[in-house]
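Novice: This is the structure I want to talk about, given as structure tokens.
Just so you know, all these numbers are worked out from the coordinates, no wet-lab data involved. What you see is a predicted model; the values in this text were computed from it and never measured. Here Cβ is always computed from backbone atoms with ideal geometry, including for glycine, and neighbour counts include all displayed protein chains.
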Amino acid sequence: MTVALAFETDDGSRVIQTQLEIETRDGVRSADADFDAFYDLERTVAQLQRGEFRSIALQFPDSLLPDAPRVQHELQRRLAGQAERVFVLGDTSYGSCCVDEVAAQHLPSDCIVHYGRTCLSATSKLPVIYVFGNSPMDAEHCVESLVPHVEGLEPALTVVLLYEPCYHYASRAIFEALQSRCPMRRMLYGDMRTFFDPRDPEHQAQSGASISESHDGELFIGGQKIKLDVSEDGETELTPERFALLYIGSESPHLTSILMRYSSLQCFSYNPATQLTRQEGAAVNRALMRRFFLVQKAREAQIIGILMGTLGVSKYLDVVHSLQRLIKQSGRKSYLFVVGKVNVPKLANYAEIDAFVLVACQQNSLMDSKEYFKPIVTPYELQLALSENDEWNGQFKTDFHEVLPLLDKTSAELAEENGGESDDDKDRPFFSLVSGTYVTAGRSAAAGGLDEDDAEEEDGSASTALQVRNQRTDLVAYRSEAAEFLAQREYRGLDPRIAVYELSRLLNTGLDRETLCILVELVEQGVHPEALAAVVRDLRKDAAASATASASASSGTGLARPHSQHFPHAAAHEPTKKQRSEY
């Protein structure tokens with residue numbers, strides 16, 4: 001019976017024919033939408049002229065790239081007497097919602113115009129003009145759908161209107177209509193800024209991602225500023241616990257970040273695309289339970305990878321340094337990874353890492369896909385996992401301004417505990433809610449403390465007199481988690497056989513396997529390859545001059561086999577049959 005074997009060849013046609021799916025949540029301009037109004041060209045030009053910017057970078061999401069040449073040409077024409085360069089940025093290094101300051105500084109530029117969905121995170125260096133794009137919606141239907149839910153709330157609750165950035169243009173009219181329909185209800189409006197300059201002290205105090213109350217009675221939720229009534233003593237009468245949220249927009253990372261932060265508040269969302277209203281809550285509770293599970297997994301991790309998800313959000317470097325200190329004080333090992341856009345194949349290459357902590361904006365911080373092999377947590381979740389005093393109260397924080405003080409506080413507490421504990425206390429086990437057993441978080445050598453010699457130097461008692469450096473008879477043990485992981489792996493990579501290539505290069509000829517095996521064994525016993533090559537050359541000369549030596553030489557090489565007598569410091573070692581087969 002003859003079996004025909006079919007071989008598949010790949011000429012690249014499958015890649016060319018692949019249809020890419022663009023995320024429409026970043027905004028898509030409809031065919032009947034006014035071009036100037038959608039891209040807010042009039043306001044953009046006025047802001048650029050007011051700031052006297054000369055090199056302007058335009059950042060578009062993938063869904064709006066077809067309009068990029070036209071927008072660039074129109075801005076260049078209207079700013080002909082001012083702008084020297086108006087250019088479009090390429091693919092963003094991370095999420096399209098974040099301002100790509102790194103790419104903008106390559107030319108360089110002194111201002112960025114960001115289009116589409118945005119997280120409104122504060123930038124570090126460059127001023128930003130935000131253009132959200134005007135997605136179509138029926139404002140009257142939105143008001144009619146939200147009024148019954150507003151009237152059904154408790155009288156003591158204050159309603160806060162929030163919205164997706166692409167509906168910013170209609171939000172003020174909807175808020176005023178709700179106020180007129182519900183005059184007895186106290187309502188607050190979340191305004192969204194369209195320009196941010198990190199050089200302005202007022203803007204620095206108002207971080208776009210901040211969710212904490214500022215000194216002048218302002219509250220930031222999801223990048224939207226809410227004005228609160230301030231009494232004469234400087235305190236506000238309202239707290240977020242007395243709020244009920246109304247949200248206009250589709251299900252998106254913006255809505256998820258708000259719900260995760262204020263999971264205890266009532267929230268009603270209206271989707272303009274489907275014209276449906278629903279009460280949020282069940283999905284958030286499931287997400288919180290999932291996050292609590294990831295916190296427990298991170299608590300058992302020994303090697304933690306700090307994963308960069310942004311290079312432009314303000315204070316991201318401070319968060320990285322605080323995380324490194326916290327991980328070190330907890331007795332664990334940390335590695336820093338900058339891999340660009342995070343996906344499953346990239347992280348699968350680092351099997352040694354037990355857990356990752358993602359440093360990203362508040363809308364890209366939640367990566368809980370089950371496709372990832374290792375848990376990915378936020379800096380706040382890692383702080384909860386490594387802290388021995390704090391317990392999770394259901395709150396969820398992704399703003400760097402809120403997380404930084406917590407990281408520093410936990411690091412200081414761990415440093416104080418490490419200074420007063422014994423070595424046995426540092427390795428005490430804890431109960432794992434994941435496995436249901438007691439586990440021990442072993443301390444790495446990097447945070448395991450100083451040895452005796454280093455301790456003397458820290459005390460300042462170092463002397464200039466000669467002394468025995470190490471009076472202990474044992475070797476200094478250095479514990480490496482990566483080395484332990486490598487020792488447990490079945491496959492450790494290809495053996496480079498450096499000794500084989502070095503000998504072949506020095507002798508400039510090939511050797512039979514049996515002779516080569518003996519030579520490599522001698523090298524592994526401490527014989528230098530150059531010394532071994534010199535002896536082999538002498539043996540060749542003897543083999544050529546003596547017929548007796550030639551008769552006893554190995555087949556094919558005319559070389560007398562080296563023996564341990566040529567190397568007094570290396571014992572003779574005859575290779576086994578298995579060792580010969582390896583060469």
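Novice: In percent, how large is the relative contact order of segment 296-424, given Cα pairs closer than 8 Å and 6 or more residues apart? Write down the numbers at each step before the final one.
Specialist: Details: 186 pairs, mean separation 40.8, N = 129.
The value is 32 percent.
Novice: So which of K225/K346; K125/K297; K346/K397 end up more than 28 Å apart by C-alpha?
Specialist: Details: K225/K346 37 Å; K125/K297 36 Å; K346/K397 26 Å.
Correct reply: K225/K346; K125/K297.
Novice: Then there's this: Length gain on complete extension for the stretch F87 to D36, per 0.36 nm per residue less the alpha carbon to alpha carbon distance?
Specialist: Values: separation 51, 0.36 × 51 = 18.36 nm, distance 1.85 nm.
Net length gain for the segment: 16.5 nm.
Novice: Per the Cauchy relation, a quarter of the hull surface: what is the mean projected area of the convex hull of the alpha carbons in segment 33-131, in nm²?
Specialist: Details: hull surface 23.4 nm².
Averaging across all directions leaves 5.9 nm² for the Cα convex hull.
Novice: Could you list R199, R299 in order of exposure, starting from the residue whose Cβ has the fewest other Cβ atoms within 10 Å?
Specialist: Values: R199 9, R299 22.
With the fewest neighbours first, R199, R299 line up as R199, R299.
Novice: Could you line up S387, S365 from fewest to most neighbouring Cβ atoms inside 10 Å?
Specialist: Values: S387 20, S365 27.
Least crowded to most crowded, the residues run S387, S365.
Novice: How high is the FRET efficiency from K341 to H528, r the C-beta distance, R0 51 Å, rounded to 0.05? Let's see the in-between values first.
Specialist: Working: r = 48 Å, r/R0 = 0.95.
In this case the efficiency is close to 0.60.
Novice: Using the crude model of +1 on Lys and Arg Cβ and -1 on Asp and Glu Cβ, and no other charge, please compute the dipole size for segment 33-73 relative to its Cα centre, in debye to 20. Can you show the working numbers first?
Specialist: On the way: 4 positive and 7 negative charges, 44 e Å.
Computed about the Cα centre, the dipole is about 200 debye.
Novice: Now a separate question. Charges only on Cβ, +1 for Lys and Arg, -1 for Asp and Glu: so what's the dipole of segment 219-358 about the Cα centre, in debye to the nearest 20?
Specialist: On the way: 17 positive and 12 negative charges, 158 e Å.
Value, rounded to 20: 760 debye.
Novice: How many nm is it between the label spots at R199 and N349, if each spot is 7 Å from the Cα in line with the beta carbon?
Specialist: Distance between label points: 3.9 nm.
Novice: How high is the relative contact order of segment 33-131, in percent, counting Cα pairs under 8 Å that sit 6 or more residues apart? Walk me through the numbers before you get to the answer.
Specialist: Working: 136 pairs, mean separation 32.4, N = 99.
Result for segment 33-131 is 33 percent.
Novice: Another question, then. For R199, what is the net charge nearby, where nearby means another residue's Cβ is under 12 Å from its Cβ and Lys, Arg count +1, Asp, Glu -1? Kindly include the intermediate steps, with their values, before the conclusion.
Specialist: Values: positive: K125; negative: D110, D197, D200, E202.
My count for the surroundings of R199 gives -3.
Novice: Next question. How many angstrom lie between the C-alpha centres of segment 79-150 and segment 42-62?
Specialist: About 11 Å separates the Cα centre of segment 79-150 from the one of segment 42-62.
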